[in-house]
Amino acid sequence: ILLSKKFKTWYKKKLFFDFFPIIFALASCLGLLAFSESSFSKAEGNVFSADDGNYTDITVNSENFVTIFSSTSIYDNSNVRVLLEEDIDFLGQDLSTIYSELRVFKGIFDGNGHEISNITFTSAAPYYGLFPYAQNATIQNVRITGEVNFDFTDAGNSPIYAGVLVGYGENVVVQNCEAYNVEITSQEDPEEPDSSIAVRNEHSISILVNQNITFGGLVGAVTSLTTAGQNTQSVIRNCIN
């Protein structure tokens, strides 16, 4: 009986010391996973600040989107954060006032997981997209769906950059974005019917090469520049097209 009691005590201690490191390791891993998930939305580089109070938040919805994005106050401002608070369907809406002149977006746009659908892009400059030209900016957490039409202005042989989210970007972060079930078309050349510049049919996109268009799904073109001795890179991650 005495040996049996001693064996039970020894066996309990052995179980504890043998399995404690495993339990501790599992708990640590779960903690690391939770931390990683909570900190995932923080972009790399110098786009985000540790102090969210450094940003001026602007909330946009279907009623004020055109008004806010037609204003110059959100452009050339690295301290602005635009937050989408609902899905927006632009079917039949005129967005030309947003793109009546070239403006550079330098802040943060957070779609908060919402959808933007049925957009017609126009531009006074050779850059087309929700953000025709973005610099040191972050665009994240948004889905584009429905019909997307690019109403290209005849620029001759001048370069044109077109993308659903960003036409041309410098040192930009695009993350957690998606072009879902999108039908991409463009206006036709009136002198050559049925010769659309960019038409998606049966899961393919065809572009007339003589139009000199750099065309992408989410992004037309991005580049990474070294400025003031700092190498800030463009990053596209966790995106689906």
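Split the accessible area of the range 120-160 by element, probe 1.4 Å, and carbon with sulfur accounts for 42%.
Taking a ≥ b ≥ c as the square roots of the eigenvalues of the alpha carbon gyration tensor, the range 113-181 is oblate, as a/c is not under 1.5 and a/b does not beat b/c. Each of the peptides 122-132, 81-91, 140-150 was scored by the mean count of other Cβ atoms within 10 Å over its residues; in descending order, highest first, they stand as 122-132, 140-150, 81-91. As a fraction of the 1.4 Å probe accessible area of the range 50-99, surface on carbon and sulfur atoms comes out at 42 percent.
Classify the range 63-158 as rounded, prolate or oblate from the Cα gyration tensor: take a ≥ b ≥ c as the square roots of its eigenvalues, call it rounded if a/c is under 1.5, otherwise prolate when a/b beats b/c and oblate if not. Note, shape of the range 63-158 comes out oblate.
Label sites at residue 181 and residue 223, each approximated as a point 7 angstrom past Cα along Cα to Cβ, lie 3.8 nm apart. On the basis of the beta-carbon distance and an R0 of 22 Å, residue 91 and residue 158 show a calculated FRET efficiency of 0.10. Between residue 240 and residue 73, the simple spin-label model (points 7 angstrom out along Cα→Cβ) gives 3.7 nm. Sorting the segments 176-185, 101-110, 71-80 by their residues' average number of neighbouring beta-carbon atoms within 10 angstrom, most packed first, yields 101-110, 176-185, 71-80.
The values are calculated or read from the model by the stated rules, or taken from the named source; none is laboratory data. What you are looking at is a predicted structure, and each value in this text was computed from that prediction instead of being measured. Cβ: placed from backbone, ideal geometry, glycine included. Neighbour counts: every protein chain shown. Accessible surface areas use protein heavy atoms only, side chains included; no ligands, DNA or RNA. Shrake-Rupley method; radii C 1.70, N 1.55, O 1.52, S 1.80 Å.
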